[in-house]
Amino acid sequence: MKHANMTDGDRPPIVQAGDPVLRSRAREVLPAELATRDFQLLVTAMVTAMREAPGVGLAAPQIGVPLRVIVLEDRHDLMERVAPEHLRERGRVPFPLQVIVNPVLVVTGTDRATFFEGCLSVRGYMALVERHFSVEVTGLDEHGDPMSWRTEGWPARILQHEVDHLDGALYVDRMLTRSLCSNDEAQRWLDLPVGDVRKTLRT
Ligand code: ZN
């Protein structure tokens, strides 16, 4: 997922909407594959691509690899220019790098939240997307050890966005279509109450 307050860079390894890899179901990573050098190189390439973009999440299909692997990370330095109120409203908190293989998501509450999000594979745009507020993910870490993570707010949104990529879905499939904005135009909406944005955009 795109980091909301940065402008787009030119990052060739990240494939863009239109590439069929983004519309296919990625396959599970096999236990025997986890220890291979190729797999470790994949994880390294994903983390590098995410950080260089910069983004807060990336799924393997986004670098053209149809495997069920996601990486996520949100850092203080990505939030420095973001208003504290904006961070609090979204439940956006720093968390260390997570590498999740074969992730399975379960929704853990009834609350939902609607905010702008973008995608490194849909360069140049953002839109409002309604997501579950709290989820639990289970899977394997980069060493093949079982992991689980129960979270809410922005990390939960990133998880839903990245797992969607593994099933061939993009945020544009779920967005409030009338809220689609160029990144430049989105700046006028990002710090306004979502209710007001929806009213103005009639969505
Ligand atoms: Zn994305």
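Tabulated data for the structure shown
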| quantity | calculated |
| --- | --- |
| Value of [θ]222 nm, deg cm²/dmol, for the chain, DSSP H segments ≥ 4, -39500 (n - 2.57) each, nearest 500 | -7500 deg cm²/dmol |
| Ranked packing of 93-105, 65-77, most packed first, by mean Cβ within 10 Å | 65-77, 93-105 |
| Charge dipole magnitude, Cβ of K and R +1, D and E -1 - segment 20-201, Cα centre, debye nearest 20 | 460 debye |
| Gain on full stretching of the segment that runs from E33 to E85 - 0.36 nm per residue minus C-alpha separation | 14.4 nm |
| Rel. contact order, % - alpha carbon contacts under 8 angstrom, at least six apart, segment 20-201 | 24 percent |
| Stretchable slack from R188 to Q40, in nm (0.36 nm times residue separation minus alpha-carbon distance) | 49.2 nm |
| Ranking of F133, F115 by count of other Cβ atoms within 10 Å, fewest first | F133, F115 |
| Whole-Å distance, taken between Cα centres, linking segment 167-194 and segment 32-86 | 21 Å |
| Additional length obtainable on full extension of the chain from D111 to R150, 0.36 nm per residue less Cα span | 12.6 nm |
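Throughout, read-outs are computed from the coordinates displayed, never taken from laboratory work. Because the structure is a prediction, the values reported are computed rather than measured. Don't worry about glycine lacking a Cβ; one is built from the backbone with ideal geometry, like all the others, and counts go over all protein chains shown.
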